[in-house]
Amino acid sequence: MAVRPILQIGHPVLRSVARPLTDDEIASPEVQRLIDDMVETMRYANGAGIAANQVGEAVRVIVMEVTDNPRYPYKPQIPLTVAVNPVVESLDDEVFVNNEGCLSVPLRGEVERHVNVRVHYRDPNGDHHDEVARGLTAATWQHECDHLDGVLFVDRVADPTTLSTWEEFEANQSDAFVERITALVDRVGS
Ligand code: ZN
């Protein structure tokens, strides 16, 4: 396993539409190594998730994990999840305003996300999964799957005045955001 460099906004691979993997590719040592490296890189950088584009591979693989994350202390826990060829679909029209960061962008900003989504994906063994995700966990799925389509959260920031550095977010926005988002987490359970 190896920590890989994380591409930063402006790199063309972050704007590439990633291609799906075949069953044979999922089982290959190259893809299994990529998955291991993505997990190690995400943990090293204290990310909540990372997409293959962010380490320079335009294939449809994301990994997510939230334990006690110092970057996102308000986020509900997500067990380590590796999703190959993931698809996210909204279950209804309910949305909320999330404040997001990204390992490939040095800013945070407010983005509208669906509250209730269904996700379909393959795991590293090739098995199919079909699950419902809600709230901040649903937002993490939407953020990571956006990467696979070459979309960054800044593309979805409707109000650019919400953009801030991490330092200014902590100083000026964190308290109000955490209060608002905690009410959502209490209501939807994640
Ligand atoms: Zn990201």
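The values are calculated or read from the model by the stated rules, or taken from the named source; none is laboratory data. Everything numeric in this text was worked out from a predicted model, so none of it was measured. Glycine gets a Cβ as well: all are built from the backbone with ideal geometry, and neighbour counts include every protein chain shown. Quick note on the areas: whole protein, heavy atoms, side chains included, nothing else; ligands and nucleic acids left out. Shrake-Rupley method; radii C 1.70, N 1.55, O 1.52, S 1.80 Å.
Of note:
- Local electrostatic count, L163, Cβ distance below 9 Å [Lys/Arg +1, Asp/Glu -1]: -1
- Estimated FRET transfer efficiency when R0 is 22 angstrom, pair E131-D93 (beta carbons, to 0.05): 0.60
- Residue ranking by accessible heavy-atom surface, 1.4 Å probe, largest first, among T137, T165, T67 comes out as T67, T165, T137.
- Rounded if a/c under 1.5, otherwise prolate or oblate - segment 81-129, Cα gyration tensor axes: oblate
- In order through segment 7-23: 3J(HN,Hα) via Karplus (6.51 cos²θ - 1.76 cosθ + 1.60), integer Hz, x for Gly, Pro: 5, 10, 3, x, 6, x, 5, 5, 9, 8, 7, 6, 9, x, 9, 7, 4
- A Cα-only calculation for segment 13-73 places Rg and Dmax at 12.3, 38 Å.
- If you take the alpha carbon atoms of segment 118-168 and fit the smallest convex hull around them, that volume is 119 Å³ per residue.
- Nearest-10 value in Å² for the accessible area of R122, using the 1.4 Å probe: 40
- 11 Å beta-carbon shell around L7, net charge (K/R +1, D/E -1): +1
- Taking amide H atoms as placed 1.01 Å from N in the peptide plane, the amide H of G56 lies under 5 Å from those of L7, each 5 or more residues away in sequence or on another chain.
- Rg [Å, one decimal], Dmax [Å, integer] - the chain, C-alpha atoms: 15.8, 49
- Using a probe radius of 1.4 angstrom, the carbon and sulfur fraction of the accessible surface of the chain is 50%.
- Based on Cα contacts under 8 Å between residues 6+ apart, segment 12-188 shows a relative contact order of 23 percent.
- Counted charge near Q77, where neighbours are those whose Cβ lies closer than 11 Å (Asp, Glu -1; Lys, Arg +1): -1
- Shown for segment 59-168 is the translational diffusion coefficient from the Stokes-Einstein equation, using the Kirkwood radius over Cα pairs, a temperature of 4 °C and a viscosity of 1.567 mPa s: 89 µm²/s.
- Dividing the summed helix terms, -39500 (n - 2.57) for each DSSP H run of n ≥ 4, by the number of residues in the chain produces a 222 nm estimate of -8500 deg cm²/dmol to the nearest 500.
- Averaged over its residues, segment 12-188 has an accessible area of 46 Å² per residue, based on protein heavy atoms and a 1.4 Å probe.
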